[in-house]
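Only one structure is covered here, and it is reproduced in the block below.
Quick note: the coordinates plus some simple rules give every number you see, no bench work behind them. Nothing here was measured: the structure is a model prediction, and the numbers come from that model. Note that each Cβ is placed from the backbone with ideal geometry, even for glycine, and that neighbours are counted across all protein chains shown.
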Amino acid sequence: MKLSPHRQAILVFGIAAPAFLLVAISVATFIGNSKLSTSFETKLETLERFRTAEAQVKELDGFLTKENRREKTAYWTSKVEKDVVESLTENLDKILAKYDPEVLRQTEMGQATGASAIGPKAKHPHTRMQLSFEGGYKPMQLLLAELETEMPHLILESLSVTPRPTVSDSDKSSLQFRVIYLCWEKSKAPTAPQ
């Protein structure tokens, strides 16, 4: 059966073309709606993360403002950023200058050998330093207290005290101190993904 040109035009332009156009618009609307919906949900999640981060920043800022915590944190950060050996030498020289060498003197400083019980478990950069001194008990206590005040990133790992053998009767008795400190270092900044 052959259709007349008028019926053929009515079928093509009156039914088929509008139906095709209606299906195309429906598909485009569905795809656009799903993309808009996904974009909207992503933006809502981003907004929620922003609000959470903003609240955390306000809370942290309030915490740091109390009791000069911001200044203390800046002070500690400046101490950790310095080279451990340089900082340790500088602080020990300053503290030991207060004492007569007969009362307290440093005999050794270097990196400690062996493994640390604390450091590897923390997975944070650190150095182990070994220090040796000769002198009296009270000056040594004061030295350690002042050193740990000046270097808050030190952790006393071990301390051994032994009497120093006297050579003669006129020789004053003193003690030998062997101190091992764990010195935390500044973490390396993680590299940003590219």
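Using alpha carbons only, how many degrees (0 to 90, rounded to 10) separate the axis of helix 137-150 from the longest principal axis of the chain?
Tilt relative to the chain: about 20 degrees.
What value does region 42-100 have for Rg/Rh, both radii from Cα atoms and Rh as Kirkwood defines it? Please report the intermediate quantities before stating the final value.
Values: Rg = 20.3 Å, Rh = 15.0 Å.
Value, to two decimals: 1.35.
For Gly114, what is the net charge nearby, where nearby means another residue's Cβ is under 11 Å from its Cβ and Lys, Arg count +1, Asp, Glu -1?
Details: positive: Arg128; negative: Glu157.
Residues near Gly114 contribute 0 overall.
Charges only on Cβ, +1 for Lys and Arg, -1 for Asp and Glu: so what's the dipole of the chain about the Cα centre, in debye to the nearest 20? All intermediate terms of the calculation are to be shown ahead of the outcome.
Values: 25 positive and 24 negative charges, 303 e Å.
Dipole size: approximately 1460 debye.
Rounding to the nearest 10 and keeping the result within 0 to 90°, find how far the Cα-based axis of helix 17-65 lies from the longest principal axis of the chain.
Helix 17-65 sits roughly 20 degrees off the main axis of the chain.
Just give me a number: lysine pairs in region 19-164, eight or more positions apart or cross-chain, with C-alpha atoms less than 25 Å apart.
Lysine pair count for region 19-164: 18.
Grab the Cα-Cα distance for Lys2 and Lys58, subtract it from 0.36 nm times how many residues apart they are, and report the gain in nm with one decimal. Intermediate values should be presented prior to the final figure.
Values: separation 56, 0.36 × 56 = 20.16 nm, distance 7.95 nm.
Result for the pair: 12.2 nm of gain on full extension.
Give me the Kirkwood hydrodynamic radius of region 1-81, using the inverse of the mean 1/r over all pairs of distinct Cα atoms, in Å to one decimal. Intermediate values should be presented prior to the final figure.
On the way: mean 1/r = 0.0527 Å⁻¹.
This gives a value of 19.0 Å.
Under the √(5λ) rule applied to the eigenvalues of the Cα gyration tensor, what semi-axes describe the equivalent ellipsoid of region 83-184? Give them in Å, descending. Walk me through the numbers before you get to the answer.
Working: eigenvalues 139, 48, 21 Å².
Those come to 26, 15, 10 Å.
Taking springs between alpha-carbon atoms closer than 10 angstrom, which of Gly136, Gly14, Gly110 fluctuates most in the Gaussian network model of the chain?
Gly14
Per 5 Å bin from zero, what fraction in whole % of the C-alpha pairs of the chain is there, up to the bin with the longest pair?
Whole-percent P(r) values from 0 Å outward: 1, 6, 9, 10, 9, 9, 7, 6, 5, 4, 4, 3, 3, 3, 3, 3, 3, 3, 2, 2, 2, 1, 1, 1, 0, 0, 0, 0.
Label Ser160 and Arg70 with points 7 Å out from Cα along Cα→Cβ: what is the distance between them in nm?
Rounded to a tenth, the inter-label distance reads 4.8 nm.
Once the Cα atoms of helix 69-81 and of the chain are each reduced to a long axis, what angle between those two axes, in degrees from 0 to 90 to the nearest 10, is obtained?
In the chain, helix 69-81 runs at an angle near 70 degrees to the longest axis.
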